[in-house]
Amino acid sequence: MAETQKMIRSIRLILAMTVLFPVIAGFPSGGALQAEDISETDLSTAKVHPRWQSQAVMNSSRDRLSFFTADVDNIYIQSSAGVVTALNADTGRKLWASQIGLNDESSLAAVSNDDVLLITTGPVIHAVNKFTGNELFKFRLPGQPSTPPAVDNGSLYVPLLDGTVAGMSLRTLEHQERFGTLPPGVARAVAWRFVSGDPVSFSPIAGTESIAIAKDKGNFHSINSQGIQAGKSIFQLLLKSPVVAPMTLYPGPAGDTVLVATEDHRLHSIGFSKSGKINWTYPLTSTISAPMIVVGDDAFVITERTGLTKFSLSGGVPVKIPDNGKQWNVPNIEQMVAVSKDYVYAMDITNRLLKINRASAELEHHVTLNDHTFRLSNGLTDRIFLATASGTVVCLAEDGSDFATYHQRPGRQPLMPELQDKPDDSAPATEETPDTESDSDTSDSDSESAPSP
């Protein structure tokens, strides 16, 4: 009996340390970084500060960080052993950590919608609640996936190695997991399959009523994702050259629009909701080498030779700097990491974090990073997320930025109350006199106007 109680106390202690560790590791309002991490002097000079620092659950003796992804709510760290850690993007607090799939099984990067996190391990796709880590379902796909799926709030779309794209309802798969059978009126778990023959190298883009896929040979397809026409082709475009970078979604003049970069050094803006219209095409000097970020009317594009260039989405051309008329360009850039109102943050080829003036393209500061070799290309907010191979995650923010700026969902921005100025207690009391006299005069006037008895 005594040994049993001792064991229970030990388990409680382990659980308590598991809960407390991310709180100790993270500091929501700034604090001292570890000595071997980023220089606080460099951060102070660049007027950037650490919002929080946290540690993913990982066996440091054998595991390494495999994938580092995020949405507007959470940060997701996937280890080589298959352990997934979810952190709150605002505070760095650990929400949950769980083994997903088999130990050391090959996996793809996580994707998510408003509530569900999807992770593919081998031919099986796992769905968990992204805030709690509770399993919703796991489903064996009809083939091996070629890329991470696309997901909206109702369905997921998985490209397979045989060149098909499979569409499935999240509700159907969850019902099948809970009750062991398909919902009434549903004939099969895979709602539809789109067949075109060519493999897909980059994840589809899920729009409002359709999805966009780009095939390896340069064929661009728009596919219905809603209603009785789900899985049917809306249109096809022949781009004549393979796609070389992930597509980027933005709201165009005619609805859902994507930026598509091809191997023939061209950048295309294509509306894929219903129109199938190529809004513009721009010839580049070299191949796009990194994911693109869209914020407002600005598209930030990195090419192998020229570095970072800012494009106007409405004009379809590189932006000119107002003061000198030169093209907005910063050479030797390897990856975009964040955009704020006034600055652009990017990594150069020497692993330095650069702070670039968004209007003039002038380099204002740089911060040398040591082991933070994993960086998010964050087009959702103005926060900078960095990580080490051992799972240490750091969030950086501009000085004076108490709340994140949401680029894609401005409705999430907190509403700040408008406070009235506090009255000055040192003001002379005679300032109240006119109001008192006015009340007295009104009273007298009322008395005089009253009829006499």
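Where a number appears in this text, it was derived from the coordinates with a stated rule and is not lab data. No experiment lies behind these values; they were computed from the predicted model shown. Reconstructed Cβ throughout: ideal geometry from the backbone, glycine too, with neighbour counts over all protein chains shown.
General observations
- Pair residue 179, residue 278: separation of 7 Å Cα→Cβ label points (nm): 4.9 nm
- Set of segment 101-130 residues, backbone N closer than 14 Å to the point 7 Å along the Cα-Cβ line of residue 186: 127
- FRET E, pair residue 138, residue 233, Förster distance 22 Å, beta-carbon r, rounded to 0.05: 0.15
- At 0.692 mPa s and 37 °C, Stokes D of segment 266-372 from Kirkwood alpha-carbon radius, µm² per second: 226 µm²/s
- Annotation: amide H-H contacts under 5 Å for residue 295 (H modelled 1.01 Å from N, sequence separation of 5 or more, or interchain): 300.
- Ranking of 80, 39, 155 by count of other Cβ atoms within 10 Å, fewest first: 39, 80, 155
- Distance between modelled label sites at residue 105 and residue 62, nm, 7 Å Cα→Cβ extension: 1.7 nm
- In a fully extended conformation the segment linking residue 408 and residue 297 would gain 38.8 nm over its present Cα-Cα distance, using 0.36 nm per residue.
- Taking 0.36 nm per residue of sequence separation and removing the Cα-Cα distance, the residue 326/residue 304 pair yields an extension gain of 5.9 nm.
- Computed over segment 108-283, the percent of Cα pairs more than 20 Å apart is 52.
- If the chain linking residue 93 and residue 198 were pulled fully straight, counting 0.36 nm for each residue of separation and taking away their Cα-Cα distance, it would gain 33.6 nm.
- Backbone N within segment 368-390 under 20 Å of label point (7 Å from residue 341 Cα along the Cβ vector): 379-384
- Amide H partners (placed H, <5 Å) of residue 245, local residues excluded: 261
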